[in-house]
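The values are calculated or read from the model by the stated rules, or taken from the named source; none is laboratory data. Because the structure is predicted, anything quoted here is derived from the model rather than measured. Because the Cβ atoms are built from the backbone with ideal geometry, glycine has one as well, and the counts that use them run over all protein chains shown. The accessibility values were calculated without ligands, DNA or RNA, using every heavy atom of the protein model including side chains. Shrake-Rupley method; radii C 1.70, N 1.55, O 1.52, S 1.80 Å.
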Amino acid sequence: MTTEMLIVFTILGTSVVFLVTEWIPMEVTALLVLGAVALTGLTTPTEALAGFSNPAVVTVWAVFILSGGLTRTGVANMIGRIVLRLSGKSETQLIVVIMTCAGTMSAIMNNVAVAALMMPVVMDIARSTKTPASRLLMPLAYGSLLGGLTTMIGTPPNILVSEALRDQGLQPFTLFDFTPVGLTVFAVGVAFMAGIGRHLLPVRDLQRDPRDRDARSLSEQYQLEAHMPRLEVPRRSILVGKSIAESRIGTILGVNVVGISRRGRVMAAPAPSEILQANDGLIVESGGGGTRKLREELFSLGQLQIEPESSLLDDLITDSVILVEISVAPQAKIVGRTISQLDFRKRFGVNVLAVRRGVNVQRTHLQDRIMDNGDILLVQAHQRNMDALRESSDFFNLQNVSPNILIDHYDLDQRILAMRVHAGSNLIDRSLKDSRLGAVLGISVVALVRSGQAFPMPEPETPLQAEDLLLVIGRPEDLDLIQALTEFRVEQAVAKELEAIETEDAGLVEAMLSPHTTLAGKTLRELNFREKYGLTVLAIWREGSIYRTDKLRDMALRFGDAMLLYGKRPHFNLLGHEPDFLVLTQSAQEHPNLSKAKISISIMAAVLLPVMMNWTPIYLAAVIGAAVMVLTRCLTMEEAYRAIEWKGIFLIAGMLPLGEALNSTGAASYLATAVVATVGDFGPTAVMAGLMVLTFMATCVIPTAALVVLMVPIILSTAADMGVTPYPMMMAMAMAASASFMTPISHPANVMVMGPGGYRFSDYLKVGIPLTLAVFVTVLLVMPFFWPFTP
């Protein structure tokens, strides 16, 4: 083994580790690989960057745009609705029709886009036929993957292997060279799912018509009834005459008000501005638990009493903890973000006690305060963190604060409250973070006095003990609100009230992030989701588990999450028009531009015809077609950018130089010799089988595009060593890479249906493994007939 081979294997092994673990984003890994092969001299800098102009990369992004044009003009939607009308009510027939429809469109469209496009239609079919969505969504995903095997442009692996052959001076695959084998595999896959696979599918009913008493509704699936207490407003409560927002009931108790029972009628989805009246029954969704849990929460809050204390300011400062003023720098990166988003305590090691802008001072409810240039922050900080604050480009003008400033500018002597944790309180043994005192009062605890000793800036994980004295910055009137809430009577909402919160005007719906979203990793709080869309997130279904805690607003959203939303039905349409979200009902989808449907069909035909006739290469036809799609306004340039799966583009372009390095250094030949030595005696079919098994297993953890780039030089060298044509092995490997059925993370289409279908990881193994075996056997049997190993 040469030094160059050792270097390339080191880069290969390191990149695989990062791709599997995703310690850093996959596309960043690919770019680092690009830099590594250039810096180590395995390729020239020009060769390393050539991946971005590689015909395969150009073809992939151009096909994404063409697919986006067909989607935006409603062509695929029309096909889907026409075909699904013929599906009937038989589950077997439904599976066959859904998979056939998805597969047909995936032959010329991106399979993730097809799955996203058909999901709302399939969910509506599930509701109308009373079929559990879990019986239909996995076949939808698998149908879109199988359909991509039938043409050269159906999936990126097919495009990559075709262009790899061209790069080696061999005849590339044409548009329909994949069709004979691909159609056979597709037919076997559909037959398997309709005959055997459907018996392996789980029965989890996440979508039914809420007004259908014989069907399980979304509220039943998410077990909302067990988490929907009723709070009665006392006749003489100080909250009578205040709005829901002013009562701060949602913030203090961590609940969502979904209805108001008033004089025998239920008002569904009341606005935050709705005024509370005496004897109102507030129907709430309690994320933290049901009736008993809410009673315990109110009991704990009732024990929060202000105690008279003197010289409280002295307890905020010690030799190691000081109070300072810091100003937000003009070009600070924190400008425009809230204190909660920035997580000041974790990021800078400080407690923000107040924010001053001119003569205006805000001391409470600082979590959602947006930072601006020139803001002056009063912070409590450890001495050890001061150097980091001084060096930060976000702040300037750090000054120690004298007691006079604390009194004159901030009135802290009047704002510091002392609250005792009494024996028997439910807060005992709970950490400060879990106690939710910050959420309740809109502040953070600035000091803890225990056994006469003061501890400024206690850690969020500090457990509370009996007789602890908590020093907080707040207003006595905040405690008045809490006291008023503790007087509410808690009982379980009756069935009639629960049914009444779903009406013609208000109801429940599921939504998820779209395939081309830019919001993955952001929280609902960061998105101002409730304020922007007028909808409340009651629960999130993630990887087979339901999350419904009061911390939903701070959960980072993931692709594949199913969000249970409640609100006015017109707001469903508002969300459905957002490109970042996919609302799982057809009625809420943005209306396609049907007037351009004939144009987009003509453009697609004009792209495919010269390719079929071998008049022009696919990459050139696809680029021109994509440009014409935009010129004819089948989609806008912004929609075209959004249609491209940029992560995949960077992944392919970055990994291509590594594939070239494997070939040029002899590393691919080295691995090919090992493969031939191991299974070569059993013939080329056995070698192809071994390569397919390796590919099947690798797709469970490695992105398919990266895997194909790495496998191509090995297969080409193996075929050369054995003296056989590389075409059957290349096609078989591409099909194995695209047949990503065994895990949800194998392909984005699998992840997309996981939440709405209520699937667990094991469900994919249960159905995906036998389906993969069926595809494996079919390819081995069929491939030699259409693509023999001898020229």
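Quick check: anything in the stretch 721-740 of a type outside the set (Val, Ile, Thr), in a loop (DSSP other than H, G, I, E, B) and within 20 Å of the chain's Cα centre (by Cα)?
Applying the first criterion (of a type outside the set (Val, Ile, Thr)) to the stretch 721-740 yields 721-723, 726-740.
Pick out the ones that are also in a loop (DSSP other than H, G, I, E, B) and you get 723, 726, 739-740.
Narrowing the set further to residues that are within 20 Å of the chain's Cα centre (by Cα) leaves 740.
There is at least one residue in the stretch 721-740 that is of a type outside the set (Val, Ile, Thr), in a loop (DSSP other than H, G, I, E, B) and within 20 Å of the chain's Cα centre (by Cα).
Could you go through the stretch 552-565 and let me know if any residue there is closer than 19 Å to PRO120 by Cα, among the acidic types (Asp, Glu), at pLDDT 80 or above and within 11 Å of the chain's Cα centre (by Cα).
Scanning the stretch 552-565, I find at least one residue that is closer than 19 Å to PRO120 by Cα, among the acidic types (Asp, Glu), at pLDDT 80 or above and within 11 Å of the chain's Cα centre (by Cα), so the answer is yes.
So, LEU417, is that one open to solvent by less than 10 Å² (accessible area, probe 1.4 Å) and not in a loop (DSSP other than H, G, I, E, B) or not?
The answer is no for LEU417.
Looking at the stretch 319-373, which of its residues are open to solvent by less than 60 Å² (accessible area, probe 1.4 Å) and part of a helix (DSSP H, G or I)?
Within the stretch 319-373, ILE339, SER340, GLN341, LEU342, PHE344, ARG345, PHE348 meet the criteria.
Looking at the stretch 404-425, can you tell me whether even one residue there is closer than 23 Å to PRO476 by Cβ and among the basic types (Lys, Arg)?
Among the residues of the stretch 404-425, at least one is closer than 23 Å to PRO476 by Cβ and among the basic types (Lys, Arg), which makes the answer yes.
Determine the pairs where a residue that is over 18 Å from LEU39 (Cα atoms), located within the stretch 1-22, has a partner that is among the β-branched types (Val, Ile, Thr) and open to solvent by 60 Å² or more (accessible area, probe 1.4 Å) with Cβ atoms under 8 Å apart, the partner being 6 or more residues away or on another chain.
LEU19/VAL701; VAL20/VAL701
Is at least one residue of the stretch 133-140 under 18 Å from VAL767 (Cα atoms), open to solvent by 10 Å² or more (accessible area, probe 1.4 Å) and of a type outside the set (D, E, K, R)?
The answer is no, given that none of the residues of the stretch 133-140 is under 18 Å from VAL767 (Cα atoms), open to solvent by 10 Å² or more (accessible area, probe 1.4 Å) and of a type outside the set (D, E, K, R).
Evaluate the following for VAL185: is it under 32 Å from the mean Cα position of the chain (by Cα), at pLDDT 80 or above, of a type outside the set (Gly, Ala, Ser) and open to solvent by less than 30 Å² (accessible area, probe 1.4 Å)?
Criteria met by VAL185.
Select from the stretch 753-765 the residues that are hydroxyl-bearing (Ser, Thr, Tyr) and more than 25 Å from LEU565 (Cβ to Cβ) and write down the one among them that is most open to solvent (accessible area, probe 1.4 Å).
If we take residues in the stretch 753-765 being hydroxyl-bearing (Ser, Thr, Tyr) and more than 25 Å from LEU565 (Cβ to Cβ), then SER762 is most open to solvent (accessible area, probe 1.4 Å).
Take the stretch 670-722 and flag every residue that is surrounded by 19 or more Cβ atoms within 10 Å (Cβ to Cβ) and among the hydroxyl-bearing types (Ser, Thr, Tyr).
THR695, THR699, THR704, SER717, THR718
Just for helices (runs of 4 or more DSSP H) wholly inside the stretch 108-168: which have at least 2 residues that are under 18 Å from THR772 (Cα atoms) and in contact with a Gly (Cβ under 7 Å, 6 or more places away or on another chain)?
Helices (runs of 4 or more DSSP H) meeting the threshold: 137-147.
Let's see how each residue does on (1) out of contact with any Cys (no Cβ under 8 Å at 6 or more places or on another chain); (2) at pLDDT 80 or above; (3) among the aromatic types (Phe, Trp, Tyr); (4) over 18 Å from LEU448 (Cα atoms):
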{"site": "THR291", "(1), (2), (3), (4)": "yes, no, no, yes"}
{"site": "GLY302", "(1), (2), (3), (4)": "yes, no, no, yes"}
{"site": "LEU312", "(1), (2), (3), (4)": "yes, no, no, no"}
{"site": "GLN331", "(1), (2), (3), (4)": "yes, yes, no, yes"}
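Taking the stretch 229-285 on its own, how many of its residues are more than 19 Å from ALA539 (Cβ to Cβ), among the small types (Gly, Ala, Ser) and not in a loop (DSSP other than H, G, I, E, B)?
Here the count works out to 5.
Which count do you get for residues in the stretch 754-766 that are within 13 Å of LEU201 (Cα to Cα) and not in a loop (DSSP other than H, G, I, E, B)?
Just the residues of the stretch 754-766 that are within 13 Å of LEU201 (Cα to Cα), to begin with: 754, 757-766.
Those still in the list that are not in a loop (DSSP other than H, G, I, E, B) too: 754, 757, 761-766.
The number of residues fulfilling the criteria is 8.
When you scan the stretch 613-643, how many residues do you find that are surrounded by fewer than 17 Cβ atoms within 10 Å (Cβ to Cβ), in a loop (DSSP other than H, G, I, E, B) and aliphatic (A, V, I, L, M)?
1
In the stretch 71-86, what count of residues is obtained for those that are under 25 Å from the mean Cα position of the chain (by Cα) and modelled with pLDDT of 75 or more?
So the count comes out to 2.
Does SER431 satisfy the criteria of being open to solvent by less than 40 Å² (accessible area, probe 1.4 Å), polar (S, T, N, Q) and touching a helix residue (DSSP H, G or I) at 6+ places or on another chain (Cβ under 9 Å)?
No: the conditions fail for SER431.
Against the condition at pLDDT below 80 and either open to solvent by 60 Å² or more (accessible area, probe 1.4 Å) or small (Gly, Ala, Ser) (or both), how does SER425 come out, does it pass?
So SER425 fits the description; yes.
Would you confirm whether or not the stretch 480-489 contains a residue that is touching a residue at least 24 places away in the same chain (Cβ under 8 Å), open to solvent by 20 Å² or more (accessible area, probe 1.4 Å) and either assigned to a strand (DSSP E or B) or more than 22 Å from GLU297 (Cβ to Cβ) (or both)?
yes
Considering only the stretch 381-406, state which residues are in a loop (DSSP other than H, G, I, E, B) and at pLDDT below 85.
VAL401, SER402
Take THR462 and decide whether it is within 30 Å of LEU412 (Cα to Cα), hydroxyl-bearing (Ser, Thr, Tyr) and at pLDDT 80 or above.
Working: within 30 Å of LEU412 (Cα to Cα): yes; hydroxyl-bearing (Ser, Thr, Tyr): yes; at pLDDT 80 or above: yes.
Criteria met by THR462.
Taking ILE644 as the residue in question, decide whether it is closer than 26 Å to ILE745 by Cβ and at pLDDT 80 or above.
When the stated conditions are applied, ILE644 passes them.
Given the criterion buried (at least 22 other Cβ atoms within 10 Å of the Cβ) and at pLDDT 85 or above, identify the matching residue among LEU39, LEU34, LEU49.
Result: LEU34 is the single residue among LEU39, LEU34, LEU49 that is buried (at least 22 other Cβ atoms within 10 Å of the Cβ) and at pLDDT 85 or above.
Please list, ordered by first then second residue, the pairs with beta carbon atoms under 9 Å, 6 or more apart or interchain, first in the stretch 513-524 and farther than 16 Å from VAL112 by Cβ and open to solvent by less than 50 Å² (accessible area, probe 1.4 Å), second among the charged types (D, E, K, R) and outside any loop (DSSP other than H, G, I, E, B).
Pairs that qualify, where the first residue is farther than 16 Å from VAL112 by Cβ and open to solvent by less than 50 Å² (accessible area, probe 1.4 Å) and the partner is among the charged types (D, E, K, R) and outside any loop (DSSP other than H, G, I, E, B), are LEU519/GLU526; THR523/ARG553; THR523/ASP554; LEU524/ARG530; LEU524/ARG553; LEU524/ASP554.
Would it be correct to say that ARG525 is of a type in the set (Lys, Arg) and touching a helix residue (DSSP H, G or I) at 6+ places or on another chain (Cβ under 6 Å)?
Spelling it out, ARG525 is indeed of a type in the set (Lys, Arg) and touching a helix residue (DSSP H, G or I) at 6+ places or on another chain (Cβ under 6 Å).
Hey, among VAL449, VAL472, which residue is at pLDDT 85 or above and either open to solvent by less than 30 Å² (accessible area, probe 1.4 Å) or basic (Lys, Arg) (or both)?
Only one candidate qualifies: VAL449.
(1) open to solvent by less than 50 Å² (accessible area, probe 1.4 Å); (2) of a type in the set (A, V, I, L, M); (3) touching a helix residue (DSSP H, G or I) at 6+ places or on another chain (Cβ under 8 Å): which one isn't true of ILE407, the others all being true?
Against the list (1) open to solvent by less than 50 Å² (accessible area, probe 1.4 Å); (2) of a type in the set (A, V, I, L, M); (3) touching a helix residue (DSSP H, G or I) at 6+ places or on another chain (Cβ under 8 Å), ILE407 comes up short only on (1).
Taking the stretch 644-675, which residues are more than 20 Å from LEU32 (Cα to Cα), touching a Ser or Thr at 6+ places or on another chain (Cβ under 9 Å) and not in a helix (DSSP H, G or I)?
The answer is GLY666, and nothing else.
Name the single residue, out of those in the stretch 766-786 being aromatic (Phe, Trp, Tyr) and more than 17 Å from THR699 (Cβ to Cβ), that is surrounded by the fewest Cβ atoms within 10 Å (Cβ to Cβ).
PHE785
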